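Participant: Got a structure for you, written out below as C-alpha coordinates; questions coming shortly.
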Amino acid sequence: MKYLLDTANLDDIRELSEYLPIAGVTSNPTIVKKEGAVPFFAHMREIRAIIGNLRPLHIQVTARDYDGMMRDAEAVFRHVDEKVFIKVPVDFAGVKVIKALKRQGANVTATAVYGMDQAFIALEAGADCIAPYFNRMEALGLDAANVIGNIAGIISHYGYETEILAASFKQPAQIDRAILAGAHSVTVAPNVLREVFAKKVVTDAVQAFADDWSSLYGGKTLAALDG
Ligand SMILES: O=P(O)(O)OC[C@H]1O[C@](O)(CO)[C@@H](O)[C@@H]1O
(Lines give C-alpha, C1' and ligand atoms only; values in the text may rest on other atoms or scores of the structure.)
Protein backbone atom coordinates (compact mmCIF):
# COMPACT_ATOMS: atom_id res chain seq x y z
CA MET A 1 0.00 0.00 0.00
CA LYS A 2 1.60 3.26 -1.13
CA TYR A 3 0.68 6.95 -1.02
CA LEU A 4 1.73 9.16 -3.90
CA LEU A 5 1.31 12.92 -4.10
CA ASP A 6 -0.96 14.11 -6.88
CA THR A 7 0.55 17.54 -7.40
CA ALA A 8 3.28 19.50 -9.17
CA ASN A 9 3.61 22.03 -6.36
CA LEU A 10 7.22 22.00 -5.19
CA ASP A 11 6.52 23.35 -1.68
CA ASP A 12 3.85 20.74 -1.06
CA ILE A 13 6.07 17.96 -2.39
CA ARG A 14 8.97 19.11 -0.19
CA GLU A 15 6.87 19.39 2.94
CA LEU A 16 4.62 16.38 2.58
CA SER A 17 7.37 14.03 1.51
CA GLU A 18 9.36 15.11 4.56
CA TYR A 19 6.50 14.47 6.99
CA LEU A 20 4.51 11.61 5.46
CA PRO A 21 5.44 8.23 3.96
CA ILE A 22 5.21 9.41 0.35
CA ALA A 23 6.12 6.85 -2.30
CA GLY A 24 6.17 9.09 -5.37
CA VAL A 25 4.55 11.90 -7.34
CA THR A 26 1.97 12.01 -10.12
CA SER A 27 0.63 14.85 -12.21
CA ASN A 28 -1.43 15.48 -15.28
CA PRO A 29 -1.84 18.58 -17.48
CA THR A 30 -4.65 19.93 -15.28
CA ILE A 31 -2.47 19.60 -12.19
CA VAL A 32 0.47 21.28 -13.95
CA LYS A 33 -1.83 24.16 -14.99
CA LYS A 34 -2.25 25.06 -11.30
CA GLU A 35 1.47 25.96 -11.21
CA GLY A 36 1.19 28.31 -14.21
CA ALA A 37 3.32 28.06 -17.34
CA VAL A 38 6.41 26.81 -15.50
CA PRO A 39 9.42 25.62 -17.56
CA PHE A 40 7.99 22.13 -17.70
CA PHE A 41 11.01 19.84 -17.90
CA ALA A 42 13.06 21.89 -15.44
CA HIS A 43 10.09 21.75 -13.06
CA MET A 44 9.83 17.98 -13.38
CA ARG A 45 13.57 17.66 -12.80
CA GLU A 46 13.13 19.66 -9.59
CA ILE A 47 10.44 17.24 -8.47
CA ARG A 48 12.80 14.40 -9.28
CA ALA A 49 15.54 16.06 -7.23
CA ILE A 50 13.18 16.30 -4.24
CA ILE A 51 11.92 12.73 -4.33
CA GLY A 52 15.15 11.14 -5.55
CA ASN A 53 15.67 8.35 -8.05
CA LEU A 54 14.08 5.57 -6.05
CA ARG A 55 10.56 6.96 -5.83
CA PRO A 56 8.44 6.94 -8.98
CA LEU A 57 7.58 10.11 -10.85
CA HIS A 58 4.60 9.82 -13.24
CA ILE A 59 4.31 12.29 -16.11
CA GLN A 60 1.44 12.34 -18.59
CA VAL A 61 1.72 12.63 -22.35
CA THR A 62 -0.13 15.53 -23.91
CA ALA A 63 -0.49 14.58 -27.58
CA ARG A 64 -3.64 12.79 -28.72
CA ASP A 65 -2.32 10.53 -31.45
CA TYR A 66 0.09 7.59 -31.38
CA ASP A 67 3.09 9.30 -32.97
CA GLY A 68 2.66 12.40 -30.85
CA MET A 69 2.38 10.45 -27.60
CA MET A 70 5.49 8.44 -28.47
CA ARG A 71 7.39 11.67 -29.15
CA ASP A 72 6.12 13.07 -25.80
CA ALA A 73 7.46 10.01 -24.03
CA GLU A 74 10.84 10.36 -25.76
CA ALA A 75 10.98 14.03 -24.71
CA VAL A 76 10.34 13.02 -21.09
CA PHE A 77 13.08 10.39 -21.24
CA ARG A 78 15.48 12.90 -22.76
CA HIS A 79 14.74 15.87 -20.50
CA VAL A 80 13.84 14.18 -17.21
CA ASP A 81 15.00 10.55 -17.16
CA GLU A 82 14.16 7.08 -18.39
CA LYS A 83 12.75 5.90 -15.07
CA VAL A 84 9.72 8.17 -15.31
CA PHE A 85 6.37 6.39 -15.51
CA ILE A 86 4.75 7.65 -18.69
CA LYS A 87 1.05 8.21 -18.09
CA VAL A 88 -1.02 7.31 -21.11
CA PRO A 89 -4.80 7.71 -21.28
CA VAL A 90 -6.54 4.42 -22.08
CA ASP A 91 -8.20 5.50 -25.31
CA PHE A 92 -7.86 3.78 -28.69
CA ALA A 93 -4.52 5.38 -29.60
CA GLY A 94 -3.32 5.19 -26.00
CA VAL A 95 -3.46 1.39 -25.93
CA LYS A 96 -1.13 1.23 -28.92
CA VAL A 97 1.22 3.60 -27.09
CA ILE A 98 1.13 1.46 -23.93
CA LYS A 99 2.05 -1.65 -25.95
CA ALA A 100 4.86 0.13 -27.77
CA LEU A 101 6.34 1.71 -24.64
CA LYS A 102 6.26 -1.64 -22.86
CA ARG A 103 8.08 -3.26 -25.80
CA GLN A 104 10.79 -0.62 -25.26
CA GLY A 105 10.97 -1.51 -21.55
CA ALA A 106 9.54 1.81 -20.33
CA ASN A 107 7.51 2.26 -17.15
CA VAL A 108 3.89 2.92 -18.09
CA THR A 109 0.82 4.06 -16.18
CA ALA A 110 -2.56 3.65 -17.83
CA THR A 111 -4.69 6.63 -16.86
CA ALA A 112 -8.18 8.07 -17.41
CA VAL A 113 -9.71 4.74 -16.41
CA TYR A 114 -13.44 4.93 -15.73
CA GLY A 115 -14.28 1.24 -15.67
CA MET A 116 -13.26 -2.41 -15.84
CA ASP A 117 -13.37 -2.56 -19.64
CA GLN A 118 -10.51 -0.08 -20.03
CA ALA A 119 -8.64 -1.57 -17.08
CA PHE A 120 -8.72 -5.11 -18.47
CA ILE A 121 -7.36 -3.97 -21.84
CA ALA A 122 -4.65 -1.93 -20.12
CA LEU A 123 -3.67 -5.03 -18.12
CA GLU A 124 -3.35 -7.08 -21.26
CA ALA A 125 -1.41 -4.28 -22.97
CA GLY A 126 1.16 -4.60 -20.19
CA ALA A 127 0.71 -1.38 -18.17
CA ASP A 128 2.69 -1.30 -14.93
CA CYS A 129 0.04 0.76 -13.16
CA ILE A 130 -3.63 1.40 -13.83
CA ALA A 131 -5.21 4.59 -12.53
CA PRO A 132 -8.97 4.28 -11.98
CA TYR A 133 -10.62 7.65 -11.28
CA PHE A 134 -12.42 7.12 -7.99
CA ASN A 135 -14.31 10.38 -7.54
CA ARG A 136 -15.09 10.76 -11.21
CA MET A 137 -16.60 7.26 -11.27
CA GLU A 138 -18.70 8.04 -8.23
CA ALA A 139 -19.86 11.25 -9.89
CA LEU A 140 -21.16 9.08 -12.72
CA GLY A 141 -23.09 6.95 -10.23
CA LEU A 142 -20.66 4.05 -10.53
CA ASP A 143 -19.55 1.97 -7.55
CA ALA A 144 -15.87 2.92 -7.70
CA ALA A 145 -14.81 0.57 -4.89
CA ASN A 146 -16.49 -2.32 -6.65
CA VAL A 147 -14.70 -1.49 -9.92
CA ILE A 148 -11.35 -1.42 -8.09
CA GLY A 149 -12.16 -4.64 -6.25
CA ASN A 150 -12.95 -6.40 -9.50
CA ILE A 151 -9.76 -5.17 -11.18
CA ALA A 152 -7.77 -6.33 -8.13
CA GLY A 153 -9.49 -9.72 -8.34
CA ILE A 154 -8.55 -10.15 -12.00
CA ILE A 155 -4.95 -9.09 -11.31
CA SER A 156 -4.53 -11.73 -8.64
CA HIS A 157 -6.54 -14.40 -10.45
CA TYR A 158 -4.37 -14.19 -13.58
CA GLY A 159 -1.14 -13.21 -11.83
CA TYR A 160 -0.63 -9.86 -13.60
CA GLU A 161 2.20 -7.78 -12.14
CA THR A 162 0.25 -4.58 -12.74
CA GLU A 163 -0.60 -2.39 -9.75
CA ILE A 164 -3.74 -0.37 -9.20
CA LEU A 165 -2.84 3.27 -8.60
CA ALA A 166 -6.23 4.67 -7.60
CA ALA A 167 -6.66 8.38 -8.36
CA SER A 168 -9.12 11.27 -8.32
CA PHE A 169 -9.94 11.59 -4.63
CA LYS A 170 -11.89 14.43 -3.12
CA GLN A 171 -12.28 13.11 0.44
CA PRO A 172 -10.17 10.90 2.73
CA ALA A 173 -13.03 8.40 3.05
CA GLN A 174 -12.72 7.65 -0.67
CA ILE A 175 -9.04 6.78 -0.18
CA ASP A 176 -9.97 4.30 2.56
CA ARG A 177 -12.52 2.65 0.30
CA ALA A 178 -10.08 2.38 -2.60
CA ILE A 179 -7.42 0.76 -0.39
CA LEU A 180 -9.88 -1.64 1.20
CA ALA A 181 -11.13 -2.60 -2.25
CA GLY A 182 -7.61 -3.65 -3.27
CA ALA A 183 -5.79 -0.60 -4.67
CA HIS A 184 -2.03 -1.13 -4.28
CA SER A 185 -1.37 2.62 -4.28
CA VAL A 186 -3.34 5.84 -4.11
CA THR A 187 -2.36 9.21 -5.49
CA VAL A 188 -3.78 12.06 -3.46
CA ALA A 189 -3.79 15.84 -3.75
CA PRO A 190 -2.08 17.66 -0.83
CA ASN A 191 -5.29 19.28 0.43
CA VAL A 192 -7.10 15.93 0.63
CA LEU A 193 -4.14 14.34 2.39
CA ARG A 194 -3.99 17.18 4.90
CA GLU A 195 -7.69 16.64 5.64
CA VAL A 196 -6.81 13.26 7.13
CA PHE A 197 -5.13 15.09 10.02
CA ALA A 198 -7.55 18.00 10.25
CA LYS A 199 -10.39 15.94 11.73
CA LYS A 200 -11.72 17.82 14.76
CA VAL A 201 -11.79 14.67 16.88
CA VAL A 202 -8.07 14.21 16.27
CA THR A 203 -7.04 17.81 16.91
CA ASP A 204 -9.31 17.93 20.00
CA ALA A 205 -7.79 14.73 21.38
CA VAL A 206 -4.23 15.99 20.92
CA GLN A 207 -5.15 19.34 22.49
CA ALA A 208 -6.77 17.62 25.49
CA PHE A 209 -3.53 15.66 26.13
CA ALA A 210 -1.53 18.90 25.93
CA ASP A 211 -3.92 20.70 28.31
CA ASP A 212 -3.85 17.89 30.88
CA TRP A 213 -0.06 17.72 30.78
CA SER A 214 0.29 21.43 31.05
CA SER A 215 -2.09 21.55 34.06
CA LEU A 216 0.36 19.21 35.84
CA TYR A 217 3.76 20.51 34.75
CA GLY A 218 3.09 23.97 33.39
CA GLY A 219 4.81 24.59 30.09
CA LYS A 220 7.41 21.84 30.59
CA THR A 221 7.60 19.05 28.04
CA LEU A 222 9.01 15.60 28.81
CA ALA A 223 12.34 16.73 27.43
CA ALA A 224 12.31 19.80 29.67
CA LEU A 225 11.68 17.60 32.75
CA ASP A 226 14.60 15.44 31.70
CA GLY A 227 16.87 18.49 31.58
O1 LIG B 1 -10.57 13.89 -10.83
P2 LIG B 1 -9.27 14.61 -10.69
O3 LIG B 1 -9.07 15.16 -9.32
O4 LIG B 1 -9.06 15.61 -11.76
O5 LIG B 1 -8.11 13.53 -10.80
C6 LIG B 1 -7.73 12.91 -11.97
C7 LIG B 1 -6.59 11.95 -11.68
O8 LIG B 1 -5.97 11.56 -12.81
C9 LIG B 1 -4.61 11.32 -12.61
O10 LIG B 1 -3.98 12.02 -13.64
C11 LIG B 1 -4.36 9.84 -12.68
O12 LIG B 1 -3.08 9.47 -12.39
C13 LIG B 1 -4.21 11.85 -11.27
O14 LIG B 1 -3.05 12.58 -11.35
C15 LIG B 1 -5.50 12.50 -10.81
O16 LIG B 1 -5.76 12.06 -9.52
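Participant: Taking just the alpha carbons, could you work out the radius of gyration and Dmax for the range 14-58, both in angstroms?
Facilitator: Every Cα atom of the range 14-58 included, Rg and Dmax give 10.8, 29 Å.
Participant: Rounded to the nearest 0.05, what FRET efficiency do Asn146 and Glu124 have when you use their Cβ-Cβ distance and R0 = 30 Å?
Facilitator: Numbers: r = 21 Å, r/R0 = 0.70.
The calculated FRET efficiency here is 0.90.
Participant: Let me ask something else about it. Between Val113 and residues 5 or more places away or on another chain, which pairs have amide H atoms under 5 Å apart, with H built 1.01 Å from N, and which residues are they?
Facilitator: Those qualifying (amide H under 5 Å, at least 5 residues apart or on another chain) are Ala131, Tyr133.
Participant: What does the accessible area per residue of the chain come to in Å², with a 1.4 Å probe and no ligands, DNA or RNA counted? Mind dumping the intermediate values first?
Facilitator: Values: 12040 Å² over 227 residues.
Per residue, the chain has 53 Å² of solvent-accessible surface.
Participant: On the protein heavy atoms, probe 1.4 angstrom, tell me the percent of accessible surface of the chain carried by carbon and sulfur.
Facilitator: Solvent-exposed carbon and sulfur of the chain make up 56 percent of the total.
Participant: Once the chain is represented by equal point scatterers at the alpha-carbon sites, with solvent omitted, what log10 I(q)/I(0) does the Debye formula produce at q = 0.10, 0.17 Å⁻¹?
Facilitator: -0.50, -1.20
Participant: Quick one: how many Å² of Leu165 are accessible to a 1.4 Å probe, rounded to 10?
Facilitator: 10
Participant: Return the Rg/Rh value of the range 49-114, two decimal places, where both radii are evaluated on C-alpha atoms and Rh is the Kirkwood radius.
Facilitator: 0.96
Participant: At 222 nm, what helix-only mean residue ellipticity would the chain give, in deg cm²/dmol to the nearest 500, using -39500 (n - 2.57) for each DSSP H run of four or more?
Facilitator: -16000 deg cm²/dmol
Participant: Right, next: By how many degrees, between 0 and 90 and to the nearest 10, does the Cα long axis of helix 10-19 differ from the longest principal axis of the chain?
Facilitator: Approximately 60 degrees, to the nearest 10.
Participant: How much length would be gained if the chain were fully extended between Phe41 and Tyr19, taking 0.36 nm per residue of separation minus their Cα-Cα distance, in nm to one decimal?
Facilitator: Length difference between fully extended and current span is 5.3 nm.
Participant: With the alpha-carbon atoms as the only input, what is the per residue convex hull volume for the range 123-227 in Å³?
Facilitator: Hull volume over Cα atoms, normalised by residue count, gives 156 Å³.
Participant: With a point put 7 Å past each Cα toward its Cβ, work out how far Asp176 is from Lys220 in nm, to one decimal.
Facilitator: 4.0
Participant: Given H placed on each backbone N at 1.01 Å, which residues far from Lys87 in sequence or on other chains put an amide H within less than 5 Å of it?
Facilitator: Answer set, sorted by chain and number: Ile59, Gln60, Val61, Thr109.
Participant: By how many nm would the segment from Arg136 to Asp65 lengthen if fully extended, with 0.36 nm per residue of separation less the alpha-carbon distance?
Facilitator: On the way: separation 71, 0.36 × 71 = 25.56 nm, distance 2.39 nm.
Additional length available on full extension: 23.2 nm.
Participant: With a 1.4 Å probe and every protein chain left in place, tell me how much accessible area Thr62 has, in Å² to the nearest 10.
Facilitator: 100
Participant: Which residue fluctuates most in the GNM of the chain (Cα springs below 10 Å): Pro190, Pro29, Pro56?
Facilitator: Among Pro190, Pro29, Pro56, the largest GNM mean-square fluctuation belongs to Pro29.
Participant: Related question: Using the eigenvalues of the Cα gyration tensor, what equivalent ellipsoid semi-axes result for the range 44-168 when each is taken as the square root of five times the eigenvalue, whole Å, largest first?
Facilitator: 24, 16, 14
The values are calculated or read from the model by the stated rules, or taken from the named source; none is laboratory data. Predicted model only: the values in this text are computed from it and were never measured. Quick reminder, even Gly has a Cβ in these numbers, built from the backbone with ideal geometry, and neighbours come from all protein chains shown. Please note that ligands, DNA and RNA were not included when accessible areas were found on the heavy atoms of the full protein model with its side chains. Shrake-Rupley method; radii C 1.70, N 1.55, O 1.52, S 1.80 Å.
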